[in-house]
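Have a look at the structure below, then the notes.
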């Protein structure tokens, strides 16, 4: 917030570098998509894990780099829910949903991410409007206004 008590607005380009520190992803290119309600992350394999607790857990395999399968990240994470989502073509798909922090520039906020195979898409991650509603504006003429995140230590 600024001195007047209003939320400070951060201007994003139509694509930005973000990090997902809770998932061990130091940087990933995200398409900023105000047409998508929920954010989405590329997952090429998902496996349900057996758990003694009430929380359901899944193991997720992720390729964070565009057009590359060289880097592979495997994480175990709590499952928030399963949800039916319509893609840009109107096709409905049931997806796993997780909650994790995203770092956009200097700000870190919790977001929900649906997990889906995005191999045929240009970006491994979409940043949807639910994540953007708290103080972000989008300039569709610009890209990478916030720079690349520093590697986590």
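Miscellaneous remarks
- Qualifying positions in the range 128-153 - crowded, with 18+ Cβ neighbours inside 10 Å and within 14 Å of residue 64 (Cβ to Cβ): 149
- One residue from 41, 20, 79 being closer than 15 Å to residue 108 by Cα and at pLDDT 90 or above: 20
- Output for the range 88-114, where each listed residue is in contact (Cβ under 8 Å) with a residue 12 or more places away in the chain and farther than 19 Å from residue 15 by Cα: 93, 94, 95, 96, 97, 98, 99, 100
- Hits in the range 32-51 (condition: assigned to a strand (DSSP E or B) and closer than 17 Å to residue 100 by Cβ): 39, 40, 41, 42, 46, 49
- Qualifying positions in the range 118-138 - more than 16 Å from residue 36 (Cα to Cα) and touching a strand residue (DSSP E or B) at 6+ places or on another chain (Cβ under 8 Å): 119, 135
- Selection within the range 102-122 - surrounded by fewer than 17 Cβ atoms within 10 Å (Cβ to Cβ) and assigned to a loop (DSSP other than H, G, I, E, B): 105, 106, 117, 119, 120, 121, 122
- The residues in the range 79-105 that are under 16 Å from the mean Cα position of the chain (by Cα) and farther than 30 Å from residue 54 by Cα can be counted, and the count is 3.
The values are calculated or read from the model by the stated rules, or taken from the named source; none is laboratory data. All figures in this text were calculated on a predicted structure; none of them were measured in a lab. Glycine also receives a Cβ, built like all others from the backbone with ideal geometry; neighbour counts cover every protein chain displayed.
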